[in-house]
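J.: Mind having a look at this structure? Questions to follow.
The values are calculated or read from the model by the stated rules, or taken from the named source; none is laboratory data. A quick note: this is a predicted structure, and the numbers were derived from the prediction, not measured. Neighbour counts are summed over all protein chains in view; Cβ atoms, including those assigned to glycine, are modelled from backbone coordinates with ideal geometry. Just the protein is used for accessible areas: all its heavy atoms, side chains included, with ligands, DNA and RNA removed. Shrake-Rupley method; radii C 1.70, N 1.55, O 1.52, S 1.80 Å.
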Amino acid sequence: MLSPPELDEIDRALTHLKALGDLDLTDITRSSFPLTVTADLLARVKDNLRSGRGFVMLRGLPRHRYSADDMARIYFGLGAYLGRSMVQSYQGERLGHVIDQTDLQDKSRGYHTGGHMGMHTDSCDVVGLMCLRRARSGGASRIASAVALHDALLATRPDVLDTLYRGFFYRRMDLDAQFGSGRVLSRQRVPVFTRQGHAAASVACYFLGGYARSAAARGDATLTDDELEAITCVERLAESPDFYVDMDFAEGDIQFLNNRLVLHGRTDYEDADEVAERRHLLRLWLAVPEWPPLPEAQVFHTAEDHEKWGQRRQPGMELPSTYMQRLQALAIQRRGQTSAA
């Protein structure tokens with residue numbers, strides 16, 4: 001729970017930031033969002049992510065006090081004390097919007113769909129989620145320790161673990177490839193687990209079962225029965241009560257996860273029909289320069305991809321007010337198309 005001194009300091013940092021002018025999110029740094037007491041808290045958060053449980057939930061930020069855009073500024077400012085923001089897709093966004101858009105576009109990315117989401121990892125060191133608007137019911141964040149899954153498989157199914165260490169060919173979305181390096185399929189098998197040394201933090205997990213299935217479905221790779229079993233085994237264990245923890249979001253809550261050590265997903269939920277009332281979270285992908293680099297074999301989206309994706313970014317495009325205007329325009333357009341039909 002954020003303390004009163006920390007909340008006051010965050011408020012002062014936002015005031016300082018806005019006094020500098022209409023800065024883009026990418027201009028929000030430690031110097032433009034100055035913190036001292038809260039910086040000490042975030043240093044402990046970073047240590048917990050790397051050497052502790054691997055997840056943190058910060059509660060107590062008063063959502064009602066701030067506009068959605070100011071919540072995004074605060075979120076980006078706090079994130080600057082943990083790492084460097086990363087581009088998340090071919091669109092160039094450094095702040096993702098987790099909101100159901102399946103009725104607004106023909107093909108939605110995973111975080112633009114509603115309902116249950118299977119367990120997976122992302123392509124970063126730390127993944128963060130800030131809740132702007134909670135669901136009518138449900139929609140908890142479900143997390144599971146990759147180390148616990150690894151050790152359980154080592155004890156009970158070493159054959160499955162061997163398959164996971166060998167890895168799978170991953171196929172990403174066409175537009176990510178088109179506007180990135182051009183490569184759709186991973187150059188080689190991407191191991192789900194790698195290990196360097198014996199400490200828990202030396203285990204690195206990169207699991208995208210949907211990308212492996214997509215490679216097989218599109219005919220770019222094959223999946224043997226053993227490989228399909230291995231993928232299913234990880235998904236089943238990660239959603240077993242013996243391994244997962246569910247974390248409900250209140251509006252204003254911020255969750256940070258060590259993406260190398262924690263798988264995450266989402267429970268099913270009931271959402272609003274109106275776009276402006278739907279469950280809405282903001283997502284940060286952070287690279288932490290102080291951490292050892294991710295093993296090269298687990299690098300799927302390359303530096304070339306991120307550079308080219310970033311060239312497509314427009315200043316201010318991720319601000320919630322701007323983003324929601326675009327979604328509401330799409331909703332009006334879709335209603336018009338339905339009426340015309």
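Here is a yes/no grid of residues against (1) touching a Gly at 6+ places or on another chain (Cβ under 9 Å); (2) modelled with pLDDT under 95; (3) open to solvent by less than 40 Å² (accessible area, probe 1.4 Å):
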{"site": "181", "(1), (2), (3)": "no, no, no"}
{"site": "199", "(1), (2), (3)": "no, yes, no"}
{"site": "208", "(1), (2), (3)": "no, no, yes"}
{"site": "215", "(1), (2), (3)": "no, no, yes"}
{"site": "226", "(1), (2), (3)": "no, no, no"}
{"site": "230", "(1), (2), (3)": "no, no, yes"}
{"site": "235", "(1), (2), (3)": "yes, no, no"}
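J.: Could you tell me whether residue 223 is touching an Asp or Glu at 6+ places or on another chain (Cβ under 7 Å) and not charged (D, E, K, R)?
T.: Working: touching an Asp or Glu at 6+ places or on another chain (Cβ under 7 Å): no; not charged (D, E, K, R): yes.
Against the criterion (touching an Asp or Glu at 6+ places or on another chain (Cβ under 7 Å) and not charged (D, E, K, R)), residue 223 does not qualify.
J.: Residues of the stretch 148-166 being open to solvent by 30 Å² or more (accessible area, probe 1.4 Å) and either in contact (Cβ under 8 Å) with a residue 12 or more places away in the chain or hydrophobic (A, V, I, L, M, F, W, C) (or both), which ones?
T.: Looking only at the stretch 148-166, we keep the residues that are open to solvent by 30 Å² or more (accessible area, probe 1.4 Å), and these are 148, 151, 154-159, 162, 165-166.
Result: 148, 154, 155, 157, 159, 165, 166.
J.: Kindly evaluate residue 274 against the criterion of being acidic (Asp, Glu), farther than 19 Å from residue 117 by Cα and open to solvent by 40 Å² or more (accessible area, probe 1.4 Å).
T.: Values: acidic (Asp, Glu): yes; farther than 19 Å from residue 117 by Cα: yes; open to solvent by 40 Å² or more (accessible area, probe 1.4 Å): yes.
Taking the combined requirement at face value, the residue satisfies it.
J.: Looking at (1) touching a residue at least 12 places away in the same chain (Cβ under 8 Å); (2) in contact with a Gly (Cβ under 8 Å, 6 or more places away or on another chain); (3) open to solvent by 10 Å² or more (accessible area, probe 1.4 Å), can you tell me which one residue 25 breaks?
T.: Every listed condition holds for residue 25 apart from (3).
J.: What pairs come up if the first residue lies in the stretch 296-310 and is hydroxyl-bearing (Ser, Thr, Tyr), the second is at pLDDT 95 or above, and their beta carbons are under 6 Å apart, counting only those six or more places apart or on different chains?
T.: If the second residue must be at pLDDT 95 or above, the pairs left are 302/181.
J.: Another question about this same structure. Only one of these is open to solvent by 10 Å² or more (accessible area, probe 1.4 Å) and farther than 18 Å from residue 204 by Cβ: 130, 173. Name it.
T.: Going through 130, 173 in turn, the sole match is 173.
J.: Continuing with this model, one more query. Strands (runs of 3 or more DSSP E) wholly in the stretch 29-126 with at least 2 residues that are open to solvent by 10 Å² or more (accessible area, probe 1.4 Å) and not β-branched (Val, Ile, Thr) - which ones? Break it down into steps so the answer makes sense when it comes.
T.: Numbers: elements: 55-58, 96-98, 117-120.
Answer list for the stretch 29-126: 55-58, 117-120.
J.: Filter the stretch 289-334 down to residues that are in a loop (DSSP other than H, G, I, E, B) and polar (S, T, N, Q) and give me whichever is least open to solvent (accessible area, probe 1.4 Å). Outline the logic, then answer.
T.: Applying the first criterion (in a loop (DSSP other than H, G, I, E, B)) to the stretch 289-334 yields 289-295, 299-302, 311-319.
So of that shortlist, the ones also polar (S, T, N, Q) come out as 302, 311, 314.
Numbers: 302: 48, 311: 132, 314: 112 Å².
Within the stretch 289-334, the match that is least open to solvent (accessible area, probe 1.4 Å) is 302.
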